[in-house]
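Taking it in order: structure first as structure tokens, then the write-up.
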Amino acid sequence: NDNDSVEVDLSFHLYNGKTPCVKGIIDLKVVLDCQRCLDDLEIDLNIPFKLAFARYENQADGLDTSYEIYHIREVEEIETIDLITDEILLSIPMVPSHNFECGLKINQEKIVEEVRKHPFDVLKNLK
């Protein structure tokens with residue numbers, strides 16, 4: 001949709017002078033299909049996150065527990081858009097549905113059940 005927008009606020013810093021970190025907040029509106037009624041479901045996502053990048057196990061020692069540790073290889077480059085995309089995908093509900101009981105949309109016509117005759121009823125009259 002041309003009117004969709006994603007707002008991202010990122011802050012990069014070194015934790016304890018040695019561990020590169022990023023703190024951020026992602027704000028966006030996403031339209032999903034309700035899994036009950038299949039109508040559009042607009043969800044506002046406000047996603048705060050904290051990531052710490054470590055190449056070695058001991059680099060993450062003493063790190064605040066609020067940070068998610070992202071282990072990187074020696075020559076690995078990380079795209080910022082990939083980090084943002086991952087955080088958004090992890091925040092989308094697995095089974096999105098309206099807060100109210102939307103239920104399935106069923107044709108509200110009365111269901112008339114046909115009384116079925118037993119096929120051997122004719123044999124009762126034979127004697």
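Every read-out reported here was derived from the displayed coordinates using simple, explicitly stated rules and does not represent laboratory data. Just so we're clear, the structure is a prediction, and the values are computed from it rather than from any experiment. No Cβ is skipped: glycine too gets one built from the backbone with ideal geometry, and neighbour counts run over all protein chains shown.
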Proximal aspartates and glutamates to residue 29, defined as alpha-carbon separation beneath 13 angstrom and excluding residues fewer than eight positions away on the same chain: 2, 4, 7, 40, 42, 44
Vicinal HN-Hα couplings computed from phi for the range 13-21 (Karplus, 6.51 cos²θ - 1.76 cosθ + 1.60; Hz; Gly/Pro x): 7, 9, 8, 6, x, 9, 10, x, 9
Helix 80-91 vs. the chain, principal-axis angle (Cα, 0 to 90°, nearest 10): 40 degrees
Bridge type composition, the range 1-97 - antiparallel percent by DSSP, nearest 5: 85 percent
Among 27, 44, 82, residue whose mean-square fluctuation peaks in a GNM of the chain (springs only between Cα atoms under 10 Å): 82
Cβ-derived FRET efficiency at R0 35 Å, residue 95 paired with residue 73, nearest 0.05: 0.50
Relative contact order (percent, whole number), the chain, Cα cutoff 8 Å, 6+ residue spacing: 21 percent
Candidate aspartates and glutamates - alpha carbon under 13 Å from residue 23, same-chain residues fewer than 8 apart omitted: 9, 64, 68, 87
Low-density loop positions, GluC sites (Glu not before Pro), the range 1-108 - DSSP coil, at most 16 other Cβ in 10 Å: 74, 76, 77, 79, 101
Chymotrypsin sites (Phe, Trp or Tyr not before Pro) restricted to the range 1-82 and DSSP loop, no more than 14 other C-beta within 10 Å: 56
